[in-house]
Every structure is written in C-alpha cells, then in structure tokens.
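Engineer: Could you have a look at this structure, given as structure tokens, before my questions?
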Amino acid sequence: MEMTSPLLRNKNFLYATEFFSGMSIMAVELGASRLLAPYFSSSQIVWTIIIGTIMIALALGNVWGGRRADVDANPAKLYRRLIIAALWIGAIPVLGKFIILAIAGTLIVAIDTDLLIWAAFLSCMAIFVLPLFLLGTVTPSLVKYATDNLEHNGRIVGNLNAFNTIGSIIGTFLPTFVTIPTVGTAITFMIFSGILLSIGIIYFVSIGAKKFFCTVVVIIFVVCGIIGNSVGFAFWEKNLLYEGESIYNYLQVKDTPNKIIFSTNVLFGVQSLKVKNDELTGMYYDYALAAPLVVDKKNLRVLILGMGTGTFAEQCRKYFPSAQITGVEIDEKITLLARQYFALPEDIEVITYDGRAFLEADKNIYDVILVDAFQDISPPFQMSSAEFFRLIGNHLDDNGVMVVNMNMRASGAGNINEYLIDTIGTVFPAVRTIDAVGITNRVLFAAADNSTLDELKTCAENLPKGKLSRLMLSIADGWQAPVFGENILTDDCAPVELLSMRALDSIIQNHLHYYKEIYKRDGLDGIINNF
C-alpha cells in the first residue's frame with residue numbers, strides 16, 4: 001500500500017493519531033458525565049448509560065472502520081472522519097445543553113415511567129454516538145495503513161494498542177484533575193476537539209489537499225469556542241452570582257429577592273440557602289432544629305455531614321448560640337463559596353473530607369449529628385448502610401439525636417425512604433419521621449431512647465412564642481414512629497441510586513400529571529396558555 005503523505009512513512013504520525021484518539025475518547029467520556037450531571041445527576045445509573053452508549057458506538061466504529069479500510073485503504077478518508085468527529089465534539093458546548101432540554105421536554109409528555117433514564121439515554125445517544133463512532137474507526141484503519149508485511153504485524157498492532165492505552169490513561173486523569181476544575185467542561189471539549197482537528201489538518205497540509213475544507217472547519221471551531229464558552233448550563237437564568245465546576249460538582253449560586261440559593265444541579269432543587277431577612281428558611285433545615293432542642297444542653301456539640309454552604313450551621317448558631325459546630329464537606333470549593341456568598345462564619349470549622357471516612361478517624365462524641373450528604377439526587381451508598389449508621393451511633397452521646405434528610409419522599413412500596421428507615425431501625429430503637437410542608441423532603445430523627453424524642457413538645461412549649469415554637473409544636477404533634485420492614489441497606493448491597501431515581505421519577509410524574517392532561521386535551525397551545 002502506498003502512503004500518500006510523507007508523515008506516514010515511518011509510522012510515527014500513525015502512532016500519534018492513535019495516542020490522541022485514545023486520549024480524546026476518554027476525555028469525551030468524562031466530559032459527557034459532566035455535561036449530563038447538572039440535568040440528570042452523576043449517579044451510577046447515568047455513568048452506566050454513558051459507558052454503555054460509548055462502548056456501543058466504539059464497537060460499531062471498529063467494525064465499520066475495518067471494513068472501509070479493506071475496501072478503500074486511503075488515509076485521507078480516516079483523517080477526514082477525524083476532523084468531522086473533532087468538529088462535532090467542538091459543537092457539543094454550543095448545542096449539547098439545548099439537545100438535552102429538548103429531549104427531556106419531549107419525553108415529559110411522551111412517557112410515564114423512567115423519565116430520567118430515558119432522557120439521559122437518548123441525550124447521550126444524540127450527542128455522543130456519532131463522534132465516538134467515527135473515533136472507533138481509527139484503530140482498524142491505522143492497522144491497515146501501518147501494516148506493510150505480516151512479519152511485523154503483531155508488533156505494529158501491539159504498538160498501536162499501547163499508544164491508544166497510554167493516551168486513554170492521560171485522557172482519564174487530565175480532564176478530571178486539570179481541565180474541568182480549572183477551565184470547565186466547555187473548554188475541555190474544545191481542547192480535545194482542537195487536538196483532533198490539528199491531527200487531521202496536519203495530514204491534509206502535508207499532502208497539499210482540502211485547503212478550503214480545512215479553512216471552513218477551523219472557522220467553525222473558533223465560532224464554537226467563542227459561543228460555547230459563553231453559554232452556561234443554566235443558560236435561561238439571569239441572576240446567577242456564580243456558575244462553575246469543581247472536581248466533584250457543577251456549582252451554582254443564585255440570587256433571589258429573599259434568598260441566596262446554592263445548587264449542584266440545575267433541575268433538581270436546592271442544596272443550601274441563606275435567607276436574607278434572618279427568618280426560618282421554610283426548608284427541612286428548620287425541622288432539623290428539633291434535634292438540638294430536645295437535647296437541651298448549653299454547650300451543644302453538633303456535627304454536620306454534608307455541610308454544603310452551612311444553612312443548618314447558621315440556624316444552629318442563631319437559635320443555639322453556644323453550640324460548637326463542626327462541618328464535613330468533601331468539596332472544598334463549596335466551602336469557599338459558603339464563605340464568599342453565604343457569610344459562613346470563619347469560626348465554624350469545616351473539614352474537607354468524606355463523611356464516613358471522617359467518622360472512622362474521629363474520636364469525638366456529639367450531641368447532634370445531621371446526615372445531609374448527597375451525590376446529586378441520592379445519598380452516597382457508603383453513608384446509607386447499617387454499618388454507617390452504627391458508626392454514627394458510636395459517635396453520639398447517650399442522649400444524642402441523629403437527624404437524616406431524606407431528600408425525596410415518594411408514594412409506593414420499595415422507595416428509598418423505606419429502605420433508609422428500615423436500615424436505621426436496625427440501629428436506633430427510637431425513630432420518628434416528619435414530612436416537610438411544601439417540599440419533597442422527609443426528616444428522620446433517631447435516638448437511643450424514646451424518652452429523648454418525647455421531650456420535644458415540652459421543650460417547644462418553653463420556647464418564646466413565634467415561628468420556631470409553632471413549628472416545633474407542629475412537629476411534636478405530627479411526627480410518627482414508622483413501621484419497620486426488612487429493606488436493609490448494607491455495605492455489600494445498597495442500590496441507593498436506582499431507588500432514588502425511581503423516587504424522583506415518581507415525584508416528577510406527579511407534578512407533571514396536571515400539564516399532561518392539558519396537553520392531551522388542548523395540545524401545546526394549552527400548556528403555553530397555562531403558564
């Protein structure tokens with residue numbers, strides 16, 4: 001086979017192509033998770049969809065690319081495919097968010113179950129299948145171009161696979177630890193798009209062909225880079241104080257007339273907030289104040305696992321000024337936002353660590369422990385098991401209280417709340433739950449003895465008359481001792497993401513039922529007229 005470019009004669013350029021192709025595949029895969037996470041979460045379910053979709057695309061690309069290389073062994077066709085893949089990847093920051101919302105909006109009126117799973121799957125298919133299919137054609141094509149005799153065929157294939165693997169390793173670490181937290185997901189896509197584009201253009205420059213084509217794609221790439229970096233994940237929001245990314249999360253701080261709101265997801269609610277008029281928040285944090293109230297000690301020792309921007313810490317400081325508060329937050333950037341936008345006092349200690357790992361190392365005993373850690377919509381599995389709650393029990397004072405924010409309450413058997421309640425019931429003899437009014441949170445209180453929790457009404461009656469006393473009295477009248485089942489989460493088996501996804505899907509469907517009925521009766525015009 002005659003190679004048309006002098007670059008290909010010593011095979012180094014082919015190896016470079018394989019190296020950067022492998023690097024870009026992994027970078028796009030990691031970028032895919034960050035593109036989808038603000039809309040669908042970064043759960044194991046979403047990761048499974050991403051990995052499965054990309055593997056299918058690569059496999060199909062391998063098959064088709066091998067057949068095309070046998071039919072027409074022209075390297076120019078491979079490098080043209082590489083440029084098209086690069087251009088598509090470069091367009092993802094511009095079009096990806098709109099495609100996701102268009103698919104999600106269509107499915108809202110089209111299906112009744114597993115909305116988020118289908119939306120994530122179809123979004124991944126629409127956005128990532130074509131470029132990954134084209135990148136999948138690289139290896140079989142390069143094998144064809146690089147092999148000029150069977151004597152060294154094994155060595156050449158081995159070298160190509162080695163370069164692909166090394167590139168994949170670098171493409172795994174570089175976005176996670178360098179580009180995404182430093183410059184964001186959009187520029188990460190543009191960086192690796194630019195690398196692939198450069199490889200293709202270098203080839204065509206070396207053979208003196210496709211000059212107009214190369215000029216056009218460079219112009220499109222530059223336009224995508226300018227537009228894509230200016231379109232945020234929540235592009236419809238006009239009052240954001242901050243939008244950015246960390247190693248762990250998409251981060252958003254939103255300013256409203258009454259509150260400053262922090263979120264790690266553009267679709268699934270509020271993670272933390274600060275009320276500007278120093279009133280109660282109207283959220284589950286207010287309900288959690290029942291725990292320090294029933295403990296009734298002067299120097300309360302409070303531990304918050306999942307500090308966020310410090311809403312509960314601020315409430316404790318306001319109503320229990322002598323409380324000693326320690327927060328644990330795995331994402332240091334969230335803590336920095338808490339100090340900058342939410343006025344979290346410097347004397348409230350925040351430790352950057354995983355909540356369970358912190359408890360394993362910590363020797364202190366606490367009066368109140370709030371468990372409020374989430375990976376988007378679901379609690380981390382290692383902070384949902386019976387083993388974890390036993391660890392909590394070991395760090396609680398004899399009269400201490402654990403509070404758990406159960407983010408989503410859903411109807412029907414086998415939901416995440418049932419599993420958490422049953423699991424906690426194997427560790428704590430006294431358990432009460434209360435549903436927060438107007439939101440989807442359910443708050444659980446657990447103690448070693450029922451007498452501790454039974455003190456809530458008396459403690460509430462001793463408070464000064466006002467909103468807090470009324471809320472505490474309503475909790476004392478309304479919380480319930482649950483009936484325990486056998487749905488036990490353990491370190492070995494804790495399907496929290498699947499359970500949480502089902503719960504969220506149920507909540508979404510309940511909220512959308514009204515609009516679905518309007519759509520069935522009056523069509524799209526009816527929905528528009530009802531907003």
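Engineer: Between residue 211 and residue 76, what FRET efficiency follows from the Cβ-Cβ distance if R0 is 22 Å, with the result rounded to 0.05?
Structural biologist: Between residue 211 and residue 76 the formula returns 0.95.
Engineer: Show me, for region 387-392, the HN-Hα J-couplings you get by feeding each phi into the Karplus relation (A = 6.51, B = -1.76, C = 1.60, θ = phi - 60°), rounded to Hz, glycine and proline as x.
Structural biologist: Along region 387-392, the couplings run 5, 5, 5, 5, 5, 4 Hz.
Engineer: Per-residue ellipticity at 222 nm for the chain, helices alone: DSSP H runs ≥ 4 residues times -39500 (n - 2.57), over residue total, nearest 500 deg cm²/dmol?
Structural biologist: After summing the helix terms and dividing by the residues of the chain, the value is -18500 deg cm²/dmol.
Engineer: Projecting each Cα onto the charge dipole of the chain (Lys/Arg +1, Asp/Glu -1 at the beta carbon, about the Cα centre), which of 308, 476, 423 comes out farthest on the positive side?
Structural biologist: In the chain, that residue is 308.
Engineer: Can you give the charge dipole size of region 266-342 about its Cα centre, rounded to the nearest 20 debye, using +1 on the beta carbon of Lys and Arg and -1 on the beta carbon of Asp and Glu?
Structural biologist: 220 debye
Engineer: Collect residues whose amide H, placed 1.01 Å from N in the peptide plane, falls under 5 Å from the amide H of residue 350; neighbours closer than 5 in sequence don't count.
Structural biologist: Amide H to amide H, under 5 Å and 5 or more residues apart or across chains, residue 350 pairs with 327.
Engineer: Related question: What list of ³J(HN,Hα) values in whole Hz, one per residue of region 443-456 in order, does the Karplus curve 6.51 cos²θ - 1.76 cosθ + 1.60 (θ = phi - 60°) give from phi, with Gly and Pro shown as x?
Structural biologist: Coupling constants for region 443-456: 10, 10, 10, 9, 8, 6, 8, 4, 4, 5, 6, 5, 7, 4 Hz.
Engineer: Could I ask something else about it? What does the extension gain come out to for residue 298 and residue 398, with contour length at 0.36 nm per residue minus their alpha carbon separation?
Structural biologist: 34.4 nm
Engineer: If you don't mind, another one. Filter 259/465; 97/238; 297/363; 238/259; 11/77 down to the pairs with a C-alpha to C-alpha distance above 22 Å, please.
Structural biologist: Long pairs (Cα-Cα over 22 Å): 259/465.
Engineer: Once the Cα atoms of helix 467-478 and of the chain are each reduced to a long axis, what angle between those two axes, in degrees from 0 to 90 to the nearest 10, is obtained?
Structural biologist: Approximately 90 degrees, to the nearest ten.
Engineer: Among 347, 422, rank each residue by its count of other Cβ atoms within 10 Å, from fewest to most, as a rough exposure measure.
Structural biologist: 347, 422
Engineer: Put one equal scatterer on each alpha carbon of region 282-498, apply the Debye formula with no solvent term, and list log10 I(q)/I(0) at q = 0.12, 0.18 1/Å to two decimals.
Structural biologist: -0.58, -1.43
Engineer: Which whole-angstrom value gives the distance between the alpha carbon centres of region 9-75 and region 77-146?
Structural biologist: What the calculation gives is 10 Å, centre to centre.
Engineer: Among 235, 19, 40, 212, rank each residue by its count of other Cβ atoms within 10 Å, from fewest to most, as a rough exposure measure.
Structural biologist: Least to most surrounded, the residues fall as 212, 235, 19, 40.
Engineer: If you don't mind, there's one more thing I want to ask. Sort 230, 41, 246 so that the residue with the fewest other Cβ atoms within 10 Å of its own Cβ comes first and the one with the most comes last.
Structural biologist: By the 10 Å Cβ count, ascending, the order reads 230, 246, 41.
Engineer: In whole angstrom, how long is each semi-axis of the equivalent ellipsoid of region 87-151, when you take the square root of 5 times every eigenvalue of its Cα gyration tensor and sort them from largest down?
Structural biologist: Each semi-axis is √(5λ); the values are 37, 14, 5 Å.
Engineer: Which peptide among 395-404, 431-440, 299-308 comes first, and what is the full order, when sorted by highest mean count of other Cβ atoms within 10 Å?
Structural biologist: Descending mean neighbour count gives 299-308, 395-404, 431-440.
Engineer: Taking the Cα centre of the chain as origin, work out the dipole magnitude from +1 charges on Lys and Arg Cβ and -1 charges on Asp and Glu Cβ, in debye rounded to 20.
Structural biologist: 1940 debye
Engineer: If you don't mind, another one. For region 6-228, state what percent of all Cα-Cα pairs lands in each successive 10 Å bin, counting from 0 Å until the bin that includes the largest distance.
Structural biologist: 8, 33, 35, 18, 6, 1
Engineer: Based on the inverse mean of 1/r over its pairs of different Cα atoms, what is the Kirkwood hydrodynamic radius of region 370-502, in Å?
Structural biologist: 15.4 Å
Engineer: Once amide H atoms are built 1.01 Å from N in the peptide plane, which residues 5 or more positions from residue 281, or in another chain, come under 5 Å H to H?
Structural biologist: 286
Engineer: For the pair residue 219 and residue 470, what calculated FRET efficiency results from E = 1/(1 + (r/R0)^6), where r is the Cβ-Cβ distance and R0 = 56 Å, to the nearest 0.05?
Structural biologist: 0.30
Engineer: Size of the dipole of region 282-498 about the Cα centre, Lys and Arg at +1 and Asp and Glu at -1 on the beta carbon, nothing else charged, in debye to 20?
Structural biologist: It works out to roughly 800 debye.
Engineer: Over all Cα pairs of the chain, how is the pair count split among 10 Å bins, expressed in % and running from 0 up to the last occupied bin?
Structural biologist: Spelled out bin by bin, the chain gives 4, 16, 24, 21, 16, 11, 6, 2, 0, 0 percent.
Engineer: Determine how many Å³ per residue the convex hull of the Cα atoms of region 139-293 encloses.
Structural biologist: That works out to 172 Å³ per residue.
Engineer: Right, another one. Scan around residue 430 for amide H atoms under 5 Å from its own, H built in the peptide plane at 1.01 Å from N, and keep only partners 5 or more places away or cross-chain.
Structural biologist: Sorted by chain and number, the residues that satisfy this are 447, 449.
Engineer: Another one. Give me a comma-separated list of calculated 3J(HN,Hα) values for region 290-301, in order, Karplus coefficients 6.51, -1.76, 1.60 applied at θ = phi - 60°, integers in Hz, x for any Gly or Pro.
Structural biologist: Working through the residues one at a time gives 4, 5, x, 5, 6, 5, 6, 10, 5, 9, 4, 10 Hz.
Engineer: Right, next: For region 124-207, compute Rh as the Kirkwood radius over C-alpha pairs and then the Stokes-Einstein diffusion coefficient at 25 °C and 0.890 mPa s; write the answer in µm²/s, rounded to an integer.
Structural biologist: Value of D from the Cα-based Kirkwood radius: 163 µm²/s.
Engineer: Need one number: nm distance between label points at residue 382 and residue 44, each 7 Å from Cα along Cα→Cβ, rounded to one decimal.
Structural biologist: According to this spin-label approximation, the distance is 1.3 nm.
Engineer: Now, a different point. Grab the beta carbon distance between residue 64 and residue 110, set R0 = 35 Å, and tell me the FRET efficiency rounded to 0.05.
Structural biologist: With R0 = 35 Å, the Cβ-Cβ based efficiency is 0.70.
Engineer: Among 73, 21, 494, whose Cα projects farthest towards the positive end of the dipole of the chain, with charges put on the beta-carbon of Lys, Arg (+1) and Asp, Glu (-1)?
Structural biologist: 73
Engineer: May I ask which residue of 98, 258, 32 lies farthest towards the positive end of the charge dipole of the chain, with charges of +1 (Lys, Arg) and -1 (Asp, Glu) on Cβ and the Cα centre as origin?
Structural biologist: The residue sitting farthest along the positive end of the dipole is 98.
Engineer: Here's a follow-up. Gain in length, residue 229 to residue 365, computed as 0.36 nm per residue apart minus the alpha-carbon separation, to one decimal in nm?
Structural biologist: So the extension gain works out to 44.2 nm.
Only the coordinates and a few stated rules stand behind these numbers; no lab work does. Treat the numbers as computed from the prediction; the structure is a model and nothing was measured. Glycine also receives a Cβ, built like all others from the backbone with ideal geometry; neighbour counts cover every protein chain displayed.
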